[in-house]
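Structure record follows, encoded as structure tokens.
The values are calculated or read from the model by the stated rules, or taken from the named source; none is laboratory data. Predicted model only: the values in this text are computed from it and were never measured. Heads up, the Cβs are rebuilt from the backbone with ideal geometry, glycines too, and the neighbour counts pull from every protein chain shown.
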Amino acid sequence: MSTIAPERPIPAPRELTTEPRFSDKVFRAVVTAGGLSSLIILGLIAIFLGYRGFEILRSEGLNFLTSSDWSISTDDAGNVTESHFGIAAMLVGTILCSIVAVAIALPVSVFSALFMNFYAPGWLKKILIAIIDMMAAFPSILYGIWGFLVLMPSVEYWAKLLNHYFGWLPFFKLHPYVVTRSPFVAGVVLAIMIIPIITSVSREIFSQAPLDRIQAAYALGATRWAMIKAVVIPHGKSGVIGGAMLGLGRAMGETVAVYTVLNIVFQINWQVLLGAGGNVASLIILKFGEASPYEIKALMAAGLVLFLLTLIVNAIAELIVRTTGKSGR
Amino acid sequence: MNESHESEKENMETTTRPSSLADVANAKEQKVPGTRAMGTGLETRGIHAWFGNNHVLSDVNLDFAAGTVTALIGPSGCGKSTFIRTINRMHEFIPGAAMAGEVLLDGKDVYAPGTDVTKIRLQIGMVFQKPNPFPSMTIGENVLSGLKLSQQKVSNKDELLEECLERAGLWNEVKDRLGAHGGSLSGGQQQRLCIARALAVRPQVLLMDEPCSALDPGSTLRIEETIRHLSDTMTIIIVTHNMQQAARVSDYTAFFLSDGGPGQMIEASPTSEIFSRPRDKRTENYVTGRFG
Amino acid sequence: MTTISAPTPTRPWAASPKDRLRDLSLFLLAILGSYLVVAVTPMKGKLAYFTLFFAIYMSLTAGFQWFTRGSAAAKDAFVNSLVAIGAVVTVIPIGSIIATVVVKGIKGINFGIFTHDMSQAAPTDPLTSGGLLHAITGTVTLVALALVMSIPIGILTALYLTEIRGVFTRPIQFLVQAMSGVPSVVAGLFILSAILYPITHAYSAFMGSLALTILMIPTIARTSQEVLKLIPNDLREAGVALGGTQWRTVAMIVLPAARSGLITAIILGIARIAGETAPLLLLTGGGDTVNPNAFSGPIGSLPYYIWKSFNAGSPEALTRAWAGLLVLMVLVLILFTLARLLGTRKVAR
């Protein structure tokens with residue numbers, strides 16, 4: 001059994017012929033088909049909404065995105081004589097509401113995530129995680145109606161305060177003085193809805209902060225805050241940004257909660273506190289009830305725009321979260 | 001002068017120390033290949049293995065006679081585990097894995113095109129480093145799980161169950177609670193359950209990848225007894241880091257080593273020989289504990 | 001004779017009574033301060049108490065640390081209060097939501113609403129007439145149909161990502177994530193444009209559940225994937241080493257081992273869609289009677305019922321909406337608790 005042999009050349013790797021059984025071939029085909037379903041569904045959504053909205057998109061062209069006129073006139077026979085469809089005000093409103101939401105939710109979420117990971121005792125941490133997961137599972141209609149009947153009066157009062165003390169800041173200007181059902185109100189409701197999302201992403205990222213570096217910081221005499229600033233924040237920064245983008249995407253697509261608290265007006269309004277806003281998703285619910293088949297095509301086109309917008313935001317968010325999740329290890 | 005004095009002292013020690021590895025190896029019943037009729041055994045011819053571009057194992061030629069126990073020893077990372085995984089074609093599960101050479105079971109190449117991989121794995125069973133009974137199954141179901149997995153029908157399930165647990169040395173401990181979950185057993189019992197599970201499909205060869213490394217000494221001893229009993233009826237290849245164990249259970253021992261490049265098989269001899277008069281200097285260094 | 005006295009365990013790092021007293025007095029001082037400021041200045045209301053309390057507490061603790069231990073400790077104390085505020089602000093809305101829904105909804109709950117539908121009643125009628133039986137049966141129908149479609153697709157997707165790991169793994173992981181961000185109203189519009197308008201031309205529970213399926217798949221797929229990832233690879237190898245094909249190994253070992261986790265995934269999926277409103281407004285037509293046929297005719301549902309009652313506006317209708325919200329919330333809470341109870345076990349031993 002001697003192995004002392006003359007140097008032999010290294011052979012080329014063998015071709016492995018792993019011929020799977022028939023049952024495995026079927027299994028792999030079925031699972032792959034199931035796995036591809038997400039691709040198929042997303043593709044079909046884009047194709048069908050584009051196909052239905054194509055007529056409108058072609059006749060309106062770029063105006064669909066840049067004008068705010070939404071009118072349709074019909075003759076007595078019900079034929080469309082003239083129509084204008086533009087969602088600029090809705091797009092601006094969607095962006096405004098979601099930015100307000102993220103601006104409020106981001107600091108709150110980061111603070112509560114820090115609290116859960118580094119300050120709260122174990123039992124409190126467990127309770128908070130359960131509460132926040134539960135908040136994420138609550139239906140949006142619950143937030144909408146609660147926001148309308150309970151939260152709105154307080155938020156309108158806060159809006160007045162903001163305008164009173166910070167009215168000199170350009171984005172807290174208010175003219176005319178109408179604060180009911182403003183993008184600010186919608187933004188606050190959305191903020192409450194996306195706090196659980198941003199908090200859980202941030203908490204996850206913070207908890208991956210390397211323990212040895214945390215201990216090294218403490219061993220150098222750092223206070224808790226100094227440790228967080230030196231170790232946790234640099235580690236989690238881009239992950240938190242990704243979480244905020246996820247929240248932004250969710251806020252942009254939210255329908256029912258926004259619809260209940262927002263006053264929808266077909267006019268571009270950049271004033272956060274002014275009671276006139278827009279929202280693509282709410283537009284669809286608002287107009288769907290009495291829409292003619294022709295107008296529904298315009299709603300489909302609006303849906304396509306919303307779909308692509310949220311898809312892009314989510315894709316960016318996912319890329320950021322994923323890349324930091326890897327580099328963090 | 002000084003050196004020779006030392007080696008003399010060592011020689012004295014190896015001969016006088018009652019638990020020296022060579023003595024341990026000689027203490028058990030010695031087997032001679034070919035005395036039992038159980039197929040023609042297993043041969044490997046020029047086995048190489050790669051992970052991606054990383055050449056991890058180079059040109060291993062080893063014969064395993066039927067009915068013998070062969071221990072594979074060597075430092076970590078020398079390709080022992082990779083080698084036994086090429087034998088029952090578990091190697092190919094790792095993405096990027098490649099191999100060269102032939103594994104002949106009863107003279108037939110297990111890598112030959114058209115070979116049914118699952119049949120090969122039924123003939124060459126495997127026991128893993130960490131005990132891994134299937135968590136969703138009872139003790140009894142675990143033992144018979146191989147039959148269900150490979151869709152084999154047997155008429156005398158209860159007999160088979162008892163026989164396999166008996167051979168794995170577990171029957172007396174579990175016969176009253178075959179319906180309990182595998183997870184309720186101790187680590188050593190779980191590993192013997194995994195051995196019983198591997199036996200139920202009646203393999204010719206049993207591969208054991210450091211089966212005792214996660215166990216306490218008492219459980220290790222039980223498993224070693226089991227291995228000695230099993231070797232009456234099958235060929236066993238065991239990877240171990242424990243040279244005492246190799247000396248206790250194996251008839252043959254092969255020493256693997258990597259010098260930074262791919263792992264190689266340095267020497268294979270009867271166990272009593274490799275521990276008393278190794279032919280290769282590197283083997284000697286390893287078995288006498290000078291490195292590794 | 002020497003007796004060795006056993007030392008008593010101590011925790012020198014824990015807060016001493018003196019420390020606790022100091023913290024408590026700072027806390028009380030902050031409460032007192034906020035009352036005083038509210039009393040002497042024109043500021044008023046809950047918001048004023050809340051902000052003043054935190055402002056005073058923060059400056060007191062930070063100031064105290066500044067004097068005793070310097071600026072770094074002061075900053076630390078400041079952030080300490082700040083993150084606590086973050087957690088409090090996060091929890092306040094959920095407390096308010098649960099309290100409001102329970103207080104307002106309980107008035108609308110009586111036995112009758114679980115045995116009647118709205119076919120003989122308008123939302124503005126007194127609460128004694130009508131009920132939400134049709135809404136409950138409708139939601140059950142919608143969820144059941146959506147489950148039938150989304151469980152296989154969701155779990156197959158998870159299996160593809162964990163077991164097959166083919167060339168599409170990364171893009172599909174990405175798409176599943178993207179799919180979880182599809183707005184619910186877009187899912188509704190898609191079914192409208194792809195199936196309802198060109199093929200069926202009519203509202204039905206099936207149409208609604210198709211949209212819910214789209215929303216449910218990513219939840220089930222992602223949670224199942226997490227669970228399947230936890231199944232140790234040893235088990236898969238052991239299955240294959242015993243001569244099992246991949247299919248039998250997955251079906252007999254991997255899936256049973258992950259069972260309770262997969263159930264958790266399904267429950268979380270149900271919680272995700274049970275209260276989904278927007279697609280139902282587009283696709284189900286929201287009938288007022290119990291509709292046993294899932295494939296034709298408008299069908300009611302809890303969210304639709306709440307929506308309709310809320311928009312009717314009268315006090316009776318609002319109470320109906322709150323009662324509906326209470327039923328929906330309790331449903332979601334039950335599902336969520338179940339999911340957590342099962343989820344803590346994740347993988348059976």
### Message
Tally up the residues in segment C:124-142 that are within 15 Å of residue C:319 (Cα to Cα) and within 28 Å of the chain's Cα centre (by Cα), please.
### Response
2
### Query
Of (1) more than 10 Å from chain A (Cβ to nearest Cβ); (2) assigned to a helix (DSSP H, G or I); (3) farther than 30 Å from residue C:46 by Cα, residue C:126 satisfies all except one. Which?
(2)
### Task
Select, from C:113, C:97, the only residue that is within 13 Å of another protein chain (Cβ to nearest Cβ) and among the aliphatic types (A, V, I, L, M).
C:97
### Summary
Those residues of segment B:38-88 that are more than 11 Å from chain A (Cβ to nearest Cβ), aliphatic (A, V, I, L, M) and not in a strand (DSSP E or B) come to a total of 4
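Here's the yes/no breakdown for (1) within 21 Å of the chain's Cα centre (by Cα); (2) surrounded by fewer than 22 Cβ atoms within 10 Å (Cβ to Cβ); (3) not small (Gly, Ala, Ser):
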{"residue": "A:234", "(1), (2), (3)": "no, yes, yes"}
{"residue": "A:243", "(1), (2), (3)": "yes, no, no"}
{"residue": "A:268", "(1), (2), (3)": "no, yes, yes"}
{"residue": "A:271", "(1), (2), (3)": "no, yes, yes"}
{"residue": "A:276", "(1), (2), (3)": "no, yes, no"}
### Query
Just to be sure, is residue C:180 surrounded by fewer than 24 Cβ atoms within 10 Å (Cβ to Cβ), out of contact with any His (no Cβ under 9 Å at 6 or more places or on another chain) and within 19 Å of residue A:139 (Cβ to Cβ)?
yes
### Task
Scan segment B:273-288 residue by residue and report those that are surrounded by 22 or more Cβ atoms within 10 Å (Cβ to Cβ) and either within 19 Å of the chain's Cα centre (by Cα) or away from every other protein chain (no Cβ under 14 Å) (or both).
B:274, B:275, B:286, B:287
### Leading residue by the ranking (surrounded by the fewest Cβ atoms within 10 Å (Cβ to Cβ)) among those in segment A:278-295 that are aliphatic (A, V, I, L, M) and within 8 Å of another protein chain (Cβ to nearest Cβ)
A:285
### Query
Quick one: what pairs do we get from segment A:64-78, first residue on the phi < 0 side of the Ramachandran plot and surrounded by 13 or more Cβ atoms within 10 Å (Cβ to Cβ), second of a type in the set (Ser, Thr, Tyr) and part of a strand (DSSP E or B), C-beta under 8 Å, 6+ apart or different chains?
A:72/A:83; A:74/A:81
## Note on the structure
For residue A:197, the lone unmet condition from (1) surrounded by fewer than 21 Cβ atoms within 10 Å (Cβ to Cβ); (2) in contact with a Lys or Arg (Cβ under 8 Å, 6 or more places away or on another chain); (3) more than 8 Å from chain C (Cβ to nearest Cβ) is (1)
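Could you list, in sequence order, the residues of segment A:154-177 that are more than 11 Å from every other protein chain (Cβ to nearest Cβ) and either assigned to a helix (DSSP H, G or I) or within 30 Å of residue C:307 (Cβ to Cβ) (or both)?
Result: A:156, A:159, A:160, A:162, A:163, A:164, A:165, A:166, A:170, A:171, A:172.
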### Message
Looking at (1) farther than 28 Å from residue B:173 by Cβ; (2) assigned to a strand (DSSP E or B), which one does residue B:278 not meet, given that it meets all the others?
### Response
(2)
### Message
Can you pull out every residue in segment B:225-244 that is in a helix (DSSP H, G or I) and either more than 11 Å from the chain's Cα centre (by Cα) or of a type in the set (Phe, Trp, Tyr) (or both)?
### Response
B:225, B:226, B:228, B:229, B:230, B:243, B:244
### Query
So which of A:135, A:116 is touching a Pro at 6+ places or on another chain (Cβ under 9 Å) and in contact (Cβ under 8 Å) with a residue 40 or more places away in the chain?
A:135
### Summary
Checked segment B:164-210 for anything among the aliphatic types (A, V, I, L, M) and more than 17 Å from the chain's Cα centre (by Cα); matches are B:165, B:170, B:174, B:178, B:180, B:185, B:200, B:201
### Summary
Out of (1) surrounded by fewer than 18 Cβ atoms within 10 Å (Cβ to Cβ); (2) at pLDDT 85 or above; (3) not basic (Lys, Arg), the one residue A:220 does not meet is (2)
### Query
So which of C:310, C:295 ends up being out of contact with any Asp or Glu (no Cβ under 7 Å at 6 or more places or on another chain) and within 12 Å of chain A (Cβ to nearest Cβ)?
C:310
### Query
Of the residues A:272, A:231, which is under 28 Å from residue A:110 (Cβ atoms) and in a helix (DSSP H, G or I)?
A:231
### Message
When you check residue C:109 against the structure, is it assigned by TED's automatic domain parsing to the domain that holds residue C:333 and touching a residue at least 24 places away in the same chain (Cβ under 8 Å), yes or no?
### Response
no
### Query
So which pairs qualify, if the first residue must be in segment B:91-107 and buried (at least 17 other Cβ atoms within 10 Å of the Cβ), the second must be modelled with pLDDT under 85 and not small (Gly, Ala, Ser), the Cβ gap must be under 7 Å, and the two must be at least 6 apart or on different chains?
B:98/A:13; B:99/A:13; B:99/A:14; B:100/A:11; B:100/A:13; B:100/A:14
### Message
Let me spell it out: the conditions are (1) touching a helix residue (DSSP H, G or I) at 6+ places or on another chain (Cβ under 6 Å); (2) assigned to a helix (DSSP H, G or I), and residue C:255 meets all of them except one. Which number is the exception?
### Response
(1)
### Given (1) loosely packed, with under 15 Cβ neighbours inside 10 Å; (2) part of a helix (DSSP H, G or I), index of the condition residue A:135 fails
(1)
### Query
Being buried (at least 22 other Cβ atoms within 10 Å of the Cβ), in a loop (DSSP other than H, G, I, E, B) and under 21 Å from the mean Cα position of the chain (by Cα), is that true of even one residue in segment C:267-275?
yes
### Message
Take the residues in segment C:220-257 that are polar (S, T, N, Q) and more than 7 Å from every other protein chain (Cβ to nearest Cβ); name whichever of them is surrounded by the fewest Cβ atoms within 10 Å (Cβ to Cβ).
### Response
C:233
### Message
Could you go through segment C:59-78 and let me know if any residue there is under 39 Å from the mean Cα position of the chain (by Cα), surrounded by fewer than 11 Cβ atoms within 10 Å (Cβ to Cβ) and either at pLDDT 75 or above or at negative phi (or both).
### Response
no
### Query
When segment C:164-173 is examined, which residues are found to be facing chain A (nearest Cβ under 7 Å) and at pLDDT below 90?
C:164, C:166, C:168
### Message
Out of A:321, A:272, A:313, A:232, I need the residue that is more than 21 Å from residue C:282 (Cα to Cα), touching a Phe, Trp or Tyr at 6+ places or on another chain (Cβ under 6 Å) and within 12 Å of another protein chain (Cβ to nearest Cβ). Which one?
### Response
A:232
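Taking the conditions exactly as written (within 13 Å of chain A (Cβ to nearest Cβ), within 21 Å of the chain's Cα centre (by Cα) and either within 25 Å of residue A:254 (Cβ to Cβ) or of a type in the set (Lys, Arg) (or both)), does residue C:196 satisfy them or not? It would help to see each step written out before you state the result.
Values: within 13 Å of chain A (Cβ to nearest Cβ): yes; within 21 Å of the chain's Cα centre (by Cα): no; either within 25 Å of residue A:254 (Cβ to Cβ) or of a type in the set (Lys, Arg) (or both): yes.
When the stated conditions are applied, residue C:196 does not pass them.
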